[in-house]
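Input: a single structure, listed below in structure tokens.
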Amino acid sequence: MFELRAIEKRFDAVVALNGAHLQVAPGEIRALLGSNGSGKSTMIKVLAGLVNPNGGQVLVDGNPVEIHNGQDSRKLGIATAFQDLSLIPTMSVRDNILLGNEPCNKFGVVDKKACDALIDSLLKRFHIDCDPNAYVQTLMPSVQTMLEVAKAVSLKPRLLLLDEVTASLHYDEIEVLFSVMRELKEEGVAMLYVTHRMNEVFQVCDTTTIMRSGETVTEGKMSDFTLDDIVYYMTGQRPDKASKAAEHVADENGEVLLNVKDLAVYPKVRDLNLRACKGEIVGIGGLQGQGQSEFIRALLGAEPIQDGVIEYDGKQVHFKSPTQAVNAGMGFISGERNREAMFPVRTVEENILAGKVAKGKLFAYMTPKSNHAFANSAVEKYNIKIGALDHPANSLSGGNQQKLVVARWIAMQPKLLLLDDPTKGVDIHSRQEIHRILRQCADEGMTIIISSSESEELLDVSDRIYVFYEGCVSAVLEGANKTPELLVAAMMGMTGSEVTAEGGKAE
């Protein structure tokens, strides 16, 4: 029996866990559920030895133990398969699985034959078709995830922690995983299963612990809970049965700028329908990896489209590159500032001018005076705190860096502005300022599509929210239906088989 009692954990002023508790017995598969920020990942990390709690007890078979690091966790028979993989990309499949777990003979020498047998049996058990000598970084993400679980199982744990491992798996791989989990259950292995996919929870789990705001709010047998019960305990509110999130009727009076029909961007997006009117802020919600980024980049011409139609500004378009999309009046803001949105060592002025230069004519002359005036106007209008225009962009705070990227694109006055998690890692004040800027732009007629990993942000800034689940639109939320509990339910695919007129089937 593994047990956590009254666990406390603070990160500076942020309380991640506040007296939380759970227990899992041998041969039991327990679901650990909660919304983003509920503390479930921190609980997993406490057991894995990655986070040291400020208070509370960890007990194994009724005896208090201390877990200071991963080695302590492993000695207690705990193994973890992480969503953010612990595999080393530049090492082979064989070396990743055997690392620190090499079978040795009686002389302490690595037993090559035993190693080969272990690798072969694991790959066969998990139906992984790959060369054991292949580098992990050359494999598909779903195969890497299966290897992550196989590596954890190879340690022969007493407690197996599975943290969102099905997020990148295909349907057939999930069935293989569940089959292995049931075998481990028969062998007496305890399992703690973290997921946002409710159909999986009812399919494979025996019991559940539900958390909210760092506290354990309830626990019990899965058979004692309904979907509505789970949403209630996770959010504190029950879904309104009188109005379904999927029952959306489009605004017939709005002038449609973008109309997407049956879009497919394999393997992440399929049969996706969405429309956006002029002067509207359309939110895109969903758990990580449900096709949001691929959809936005497909609109921009950065991802190849396999099927479907995109109608933009009254015409059917199929942009081959972001350059074509920008020239047609689109803008793009990424939350990955350093990787996709900003030139860190270039000056503030150069970063602001980058969009204008990209859209301008080849060999067009831009005077230093006009450039300086353009950049200075953007800095003042959007209240970007800088030292000077010739200072490097990486000298600014994270919030001001993102406002710099926002200013670059809005200063170009695009017809359609696409944003992919634009306030990730941004402080609350800068986030509010960005929201204010976006609302002002929408009021002036700009169409905005914003994808966000923050439910509160979507609810605050969006006129309408399309919720993505497994590459499709599971619900369209607006008006009275735009509530936290319905958003959480739709993110987890809990809208059943109902469909919207434009959203496509929620499978």
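The values are calculated or read from the model by the stated rules, or taken from the named source; none is laboratory data. This one's a predicted model, so the numbers in the text were calculated from it and none came from an experiment. Glycine gets a Cβ as well: all are built from the backbone with ideal geometry, and neighbour counts include every protein chain shown. Areas reflect the complete protein model, heavy atoms only, side chains present, ligands, DNA and RNA absent. Shrake-Rupley method; radii C 1.70, N 1.55, O 1.52, S 1.80 Å.
General remarks:
- Count of segment 25-40 residues which are open to solvent by 50 Å² or more (accessible area, probe 1.4 Å) and either under 24 Å from the mean Cα position of the chain (by Cα) or of a type in the set (F, W, Y) (or both): 2
- Scan segment 434-490 for residues that are surrounded by fewer than 22 Cβ atoms within 10 Å (Cβ to Cβ), of a type in the set (V, I, T) and under 29 Å from T166 (Cα atoms) and the total you get is 1.
- When segment 170-195 is filtered for residues that are of a type in the set (S, T, N, Q) and open to solvent by 20 Å² or more (accessible area, probe 1.4 Å), only S179 remains.
- Any chance V426 is modelled with pLDDT of 85 or more and either in contact with a Gly (Cβ under 9 Å, 6 or more places away or on another chain) or crowded, with 24+ Cβ neighbours inside 10 Å (or both): no
- When restricted to residues that are surrounded by fewer than 21 Cβ atoms within 10 Å (Cβ to Cβ) and closer than 20 Å to H435 by Cα, segment 276-294 contains 3.
- Near pairs, Cβ below 6 angstrom, 6+ apart or cross-chain, from segment 1-30 (touching a residue at least 24 places away in the same chain (Cβ under 8 Å)) to any residue that is in a strand (DSSP E or B) and of a type in the set (D, E): L17/E8; N18/E215; A20/E215
- Any hit, segment 259-275, residues being outside any strand (DSSP E or B) and in contact with a Leu (Cβ under 7 Å, 6 or more places away or on another chain): no
- Some residue of segment 147-162 being free of Cβ contacts under 8 Å to residues at least 40 places away in the same chain and touching a helix residue (DSSP H, G or I) at 6+ places or on another chain (Cβ under 8 Å): no
- First in segment 255-277 and more than 20 Å from E478 (Cβ to Cβ), second anywhere and among the basic types (K, R) and at pLDDT below 95, Cβ under 6 Å, 6 or more apart: A264/R270
- Counted residues, segment 441-464 - those being at pLDDT 90 or above and of a type in the set (S, T, N, Q): 3
- Subset of segment 261-319 that is among the acidic types (D, E) and touching an Asp or Glu at 6+ places or on another chain (Cβ under 9 Å) - its residue that is nearest to D463 (Cα to Cα): E280
- Residues of segment 292-313 that turn out to be over 12 Å from R270 (Cα atoms), of a type in the set (D, E, K, R) and within 24 Å of the chain's Cα centre (by Cα), as a count: 2
- Flag for L389 being open to solvent by less than 50 Å² (accessible area, probe 1.4 Å) and modelled with pLDDT of 80 or more: yes
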